[in-house]
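J.: Please find one structure pasted underneath; my questions will follow.
The numbers here are math on the coordinates, done by the rules we state, and not lab data. Worth saying up front: this structure is predicted, and the values here are computed from it rather than measured. Glycine gets a Cβ as well: all are built from the backbone with ideal geometry, and neighbour counts include every protein chain shown.
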Amino acid sequence: MGRRPGPSSLSAIPVTTLQAEIRRRQRSVTPLTRRREKLLAKLATLDAQIRELGGNVPGGRVRPQNSTNLAEGLAAVLKGKTMGVSEAADAVLKAGYQTNAANFRTIVNQTLIKNRSMFKKVGRGQYTAA
């Protein structure tokens, strides 16, 4: 059989001393959290200024803001039309939808499949607005 572990060095410290140390450490968390929040706010301000001047924020990815979600945009371009996935992806981009996705066609395909109440599959890879 394996060896039994020996007594822990913590077992020699009284419980009240351990509890006092835990309380001391917990009191340190609140000021550090406040300091972190202030630093994050300053960082957000700096990031906004950098973007405003046309720069890229290191490590920060800016996600485009669209007025509608992808499903609504696709419904608008497919209304009264039948298109393939690639055509629908191109059409929604031409209509003003913005994305940084490298695999946007795949995202469009998943959106068409997932939203059965909004889209009707009329053939292999062919969809229309429901």
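J.: Give me the angle, in degrees from 0 to 90, between the Cα long axis of helix 85-94 and the longest principal axis of the Cα atoms of the chain, rounded to the nearest 10.
T.: For 85-94 against the chain, the angle is about 80 degrees.
J.: Using only C-alpha atoms and all pairs of different ones, pull out the Kirkwood radius for region 70-129 in Å with one decimal.
T.: Its Kirkwood hydrodynamic radius stands at 11.1 Å.
J.: Give the lysines reachable from residue 114 as a straight Cα distance under 22 Å; neighbours fewer than 8 places away on the same chain don't count.
T.: Reachable lysines: 79, 81.
J.: Sticking with this structure for a sec: If packing is taken as the average number of other Cβ atoms within 10 Å across a peptide's residues, how do 112-123, 39-50, 73-84 rank, most packed first?
T.: Descending packing order for the listed peptides: 73-84, 112-123, 39-50.
J.: In region 28-90, with Lys and Arg counted as +1 and Asp and Glu as -1 at Cβ, which of these residues, 54, 29, 75, has the Cα nearest the positive end of the dipole, that is, farthest along it?
T.: The Cα lying farthest towards the positive end belongs to 29.
J.: Between the alpha-carbon centers of region 20-66 and region 73-130, tell me the distance in whole angstrom.
T.: Here the answer is 37 Å between Cα centres.
J.: By how many nm would the segment from residue 66 to residue 42 lengthen if fully extended, with 0.36 nm per residue of separation less the alpha-carbon distance? Please report the intermediate quantities before stating the final value.
T.: Numbers: separation 24, 0.36 × 24 = 8.64 nm, distance 2.62 nm.
Roughly 6.0 nm would be gained on extension.
J.: Further question: Relative to the first principal axis of the alpha-carbon coordinates of the chain, what is the inclination of helix 104-114, with its axis defined by its Cα atoms, in degrees from 0 to 90 and to the nearest 10?
T.: Orientation of helix 104-114: about 90 degrees from the principal axis.
J.: Also, I was wondering about something else. Report, ordered by chain and residue number, the aspartates and glutamates lying within cross-link reach of residue 120, taken as a straight Cα distance under 17 Å and ignoring same-chain residues fewer than 8 apart.
T.: Answer for residue 120, where 17 Å is the Cα cut-off: 72, 87, listed by chain and number.
J.: Can I ask one more? With axes computed from alpha carbons, what is the tilt in degrees of helix 15-52 against the longest principal axis of the chain, rounded to the nearest 10 within 0 to 90?
T.: So the helix axis and the longest Cα principal axis differ by about 30 degrees.
J.: Also, quick follow-up: Need one number: nm distance between label points at residue 30 and residue 82, each 7 Å from Cα along Cα→Cβ, rounded to one decimal.
T.: 6.7
J.: So which residue, out of 31, 64, 14, gets the largest mean-square fluctuation from a GNM of the chain using Cα contacts under 10 Å as springs?
T.: Maximum fluctuation in the GNM of the chain, among the listed residues, is at 14.
J.: D for the chain, whole µm²/s, Stokes-Einstein with Kirkwood Rh over alpha-carbon pairs at 4 °C and 1.567 mPa s: what number?
T.: Taking Rh from Cα pairs, D becomes 64 µm²/s.
J.: Where nothing but the Cβ of Lys and Arg (+1) and of Asp and Glu (-1) is charged, how large is the charge dipole of the chain around its Cα centre, in debye to the nearest 20?
T.: Around 560 debye, computed over the chain.
J.: Which whole-number percent of Cα pairs in region 13-52 have a distance greater than 12 Å? Walk me through the numbers on the way to the answer.
T.: Details: 529 of 780 pairs.
Cα-Cα pairs of region 13-52 separated by over 12 Å account for 68 percent.
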